[in-house]
Amino acid sequence: MKQVTQNYKTGELKVDDVPAPALMSGGILVENKYSLISAGTEKSTVDMAKKSLVGKAQARPDLVKKVIKQVQKDGIVDTAKMVMGRLDTRAALGYTCAGVVAEVGDNVDGFCRGDRIACAGQNYASHAEVVSVPKNLCIKIPDGVSFEDASYVAVGSIALQGVRQAEPRLGEVVAVIGLGLLGQIVVQMLKANGCHVIASDLDPAKLELAKKLGADSAVSGQELASVASGATDGYGVDSVIITASTKSSAPVETAGEICRQKGRVVVVGAVGMDLPREPYYLKELELRLSCSYGPGRYDSEYEEKGNDYPYGYVRWTEQRNMSAFLQLVAEGKIDLKALTTHTFDIESAGDAYDMISGQTESYLGVLLEYTSQSDERFRQRVNLTGTATSGGIQVGLVGVGNHIKDMLLPSIRKTAGVTIRGICTNTGINAKAVAEKEGAEYCVSNYEEIVNDPEINAIVVGTRHDTHAEIIIAALNKGKHVFVEKPLCLNKEELAAVDACYREAAKQGVVLQVGFNRRYSQHAEKIKGFLEPRNNPLTMSYRVNAGAIPADHWIQDGEVGGGRIIGEACHFIDFMQFIAGADPAAVFAFDVGQHDSGITQDKSIINIRFKDGSIGTLIYCGDGDKSLSKERFEAFADGKSVVMDDFMLTDMYSGGRKNQFKSKKMDKGFSAEIDQFFSAIQRGADNNLYEQARATTLASIEAVLSMSSKKCHDLDS
């Protein structure tokens, strides 16, 4: 299918041929008819991508600080490669569109194939022939509303939420500063609400349009104060809605000047926020920020999982705002045709953005139209022009996020006898970009294409955790070797299913390896070699300063990420298991009693008894200071002591002497674990390695259960 994409490194914008998105559970597959270019927002995105590296750094000093910290850990060369790799990606543009339902996913009610719907959401309602959108970001188009008008739904909902924040009352005087798309729509909404509207902008053409659309006064910034005073007998306007886009704080300064005592100022546009204290203080003004389409925005429970807010408690969610906006359009209270200045076919999207970026002519509402009726739009596979290869290890990548790209792909691509044949990600854009970079033969958005490819004999899985077991089982059933990023799975039911499947596949020499990379570090090898042979069990301590992850992040979701113990702490349990040379036998874990974040598991202590009698304590801290090193491991036995700091420095003590091993950079074993996987394929499966991964996974799952039961949990054999 055709989709508008932009390379964030080079700024190149093009209409690309990418795989159509897969239908998601709780979502709707939509055949687009029109999408709206939100000129203000998208121009900023496009212009940012076109900046030089220095320009990008100046615009995002917060990211520069992260890069500096990364250099301290990984060195300049590796950090530079990572940064350039992150920048060299293609991103989707657009967030508001309208079309026809092509397919309805599981757990979706109220929508049928053929329905006319409007959609919203960045990375969902994109400029593409086909989009996959969660149900709470979709709404049916009322009769009489065209696809063209309906494609304004996200911008209209943003405008409506801004108006709601202002709480305008019948007869009130409201000023609107900034008359782009948002401002022109806000003017019409306020008039429909029975308000006296004063509109302001620097552009005379926009002032004239606002006047035609119902503004009682449309004036430049210099005239705004006097007009506002005249319209209110000197009291000042009841509220100001700022829909301008500027780095300057002039709009909020002006709003403070023209507002009445105890008035309301609502910021909808992206403007400077250096507030002048005196007018806001003396008038006791109320400053409100409007969050996009309304309640539900940025809430994964609402947007991704489709869990609605109770109607009686949250009357106007983003979906209900979308519905209300389209109803206003249907009733003729909002004229969008007057705002639409240009329409381009999707194939000519580049011309549209050239016009917007170059400002070669005046524009306001710019639509992209989708006229193709070809079935190729729904094709989830795109073949590339790379030279086909055969033999050796043919790899399919399923899920290619930053971790896979930064840590594993460099090692995979340089391994002799290994060819990356196919790439699968949920978004066709990412799949296409990675496939082109790696010289893959094709890219897809449905992992079954990879699993069913008879030429592929090894699959690397880097998807979200809730899909690991499903993909592993599908691949093993096809006789594919599998490398899966941790965790192996999320619960004991999935573990039993994977276990049964693997034991059958292992009879045919199939390899299943989990990405417990730390055991492959040089530091791990040095520690294990130093402590062996042993006469007595080990006493171990592993402190992890993991850093905070927001409570609404998918990793913290028990159903998707499994939480941070199952999702990440498994690494450290596996490391202690490797050093002890014995599987966990029992776990007893505690998390903190309560925490402001609402998440307690990532502030916990896990005590483990291993089958050889060794013991280990994992202190996992999710709210420490990032300036402290992340990982510190200590072990003691037979008069020997070991201290390892962040896989960069290991001190080994014995007989009153200290030996030190220091790596040139942080070595967490990523390259070595990939070598292990491909070597195992060539020489045959190492069943003992799987058994250890299984034991670590079980210990992680039981640790979480122990936190709830407050009891020690023995592990099965």
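The values are calculated or read from the model by the stated rules, or taken from the named source; none is laboratory data. Here the structure is a predicted model, which is why all the values come from computation and not from measurement. Every residue, glycine among them, receives a Cβ derived from its backbone with ideal geometry; neighbour counts consider all protein chains shown.
Observations on the model:
- Members of region 575-600 found to be small (G, A, S), closer than 18 Å to G622 by Cβ and surrounded by 21 or more Cβ atoms within 10 Å (Cβ to Cβ), listed by number: A589
- Considering region 602-717, the qualifying strands (runs of 3 or more DSSP E), each wholly inside and each with 3 or more residues that are hydrophobic (A, V, I, L, M, F, W, C), run over 603-610, 615-621, 631-637, 640-645.
- Test result for M666, under 16 Å from S521 (Cα atoms), assigned by TED's automatic domain parsing to the domain that holds R534 and modelled with pLDDT under 95: yes
- Residue within region 378-397 that is charged (D, E, K, R), touching a helix residue (DSSP H, G or I) at 6+ places or on another chain (Cβ under 9 Å) and farther than 26 Å from A120 by Cβ present: yes
Here is a yes/no grid of residues against (1) touching a residue at least 40 places away in the same chain (Cβ under 8 Å); (2) over 22 Å from E12 (Cα atoms); (3) assigned by TED's automatic domain parsing to the domain that holds S679; (4) not acidic (D, E):
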site	(1), (2), (3), (4)
I423	no, yes, no, yes
T427	yes, no, no, yes
N430	yes, no, no, yes
S445	yes, yes, no, yes
N457	yes, yes, no, yes
V461	yes, yes, no, yes
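- For region 126-136, the criterion of a residue being closer than 30 Å to S200 by Cα and either at pLDDT below 95 or in a helix (DSSP H, G or I) (or both) is satisfied by no position.
- Residues satisfying the stated conditions in region 130-144, i.e. crowded, with 22+ Cβ neighbours inside 10 Å and over 21 Å from the mean Cα position of the chain (by Cα): I139, I141
- Residue check for S248: surrounded by fewer than 16 Cβ atoms within 10 Å (Cβ to Cβ) and touching a residue at least 12 places away in the same chain (Cβ under 8 Å): yes
- Number of residues in region 436-474 that are in contact with a His (Cβ under 9 Å, 6 or more places away or on another chain) and small (G, A, S) equals 2.
- Among residues of region 637-662 being surrounded by fewer than 16 Cβ atoms within 10 Å (Cβ to Cβ) and of a type in the set (G, A, S), the one that is farthest from G529 (Cα to Cα) is G656.
- Selection from region 478-493 of residues that are over 28 Å from the mean Cα position of the chain (by Cα) and either of a type in the set (A, V, I, L, M, F, W, C) or in a loop (DSSP other than H, G, I, E, B) (or both): K478, G479, K480
- Cβ-Cβ contacts under 8 Å between residues 6 or more apart (or on different chains), taken from a first residue in region 317-330 that is in contact (Cβ under 8 Å) with a residue 60 or more places away in the chain and among the small types (G, A, S) to a second residue that is crowded, with 24+ Cβ neighbours inside 10 Å and not in a helix (DSSP H, G or I), are listed as S323/I139.
- One residue stands out among those in region 370-400 that are part of a strand (DSSP E or B) and of a type in the set (A, V, I, L, M): the one that is nearest to the chain's Cα centre (by Cα), which is V398.
- Sole residue being crowded, with 18+ Cβ neighbours inside 10 Å, in a loop (DSSP other than H, G, I, E, B), on the phi < 0 side of the Ramachandran plot and not charged (D, E, K, R), chosen from Y313, Y280, Y309: Y309
- Residues being surrounded by 15 or more Cβ atoms within 10 Å (Cβ to Cβ), assigned to a loop (DSSP other than H, G, I, E, B) and of a type in the set (S, T, Y) - total across region 324-369: 1
- Any hit, region 94-102, residues being more than 22 Å from L213 (Cα to Cα), surrounded by fewer than 19 Cβ atoms within 10 Å (Cβ to Cβ) and either among the β-branched types (V, I, T) or more than 22 Å from the chain's Cα centre (by Cα) (or both): yes
- For region 612-636, the tally of residues that are among the aliphatic types (A, V, I, L, M) and buried (at least 19 other Cβ atoms within 10 Å of the Cβ) stands at 2.
- From the options G598, G529, G558, residue that is out of contact with any Lys or Arg (no Cβ under 9 Å at 6 or more places or on another chain) and assigned to a helix (DSSP H, G or I): G529
- Residue match in region 571-589 (condition: assigned to a loop (DSSP other than H, G, I, E, B) and either over 20 Å from F633 (Cβ atoms) or assigned by TED's automatic domain parsing to the domain that holds C489 (or both)): no
- Within region 146-167, the residues that satisfy the criterion of being part of a loop (DSSP other than H, G, I, E, B) and crowded, with 23+ Cβ neighbours inside 10 Å are S151, Y152.
- Scanning region 251-277 for residues that are in a loop (DSSP other than H, G, I, E, B) and crowded, with 18+ Cβ neighbours inside 10 Å returns V268, G269.
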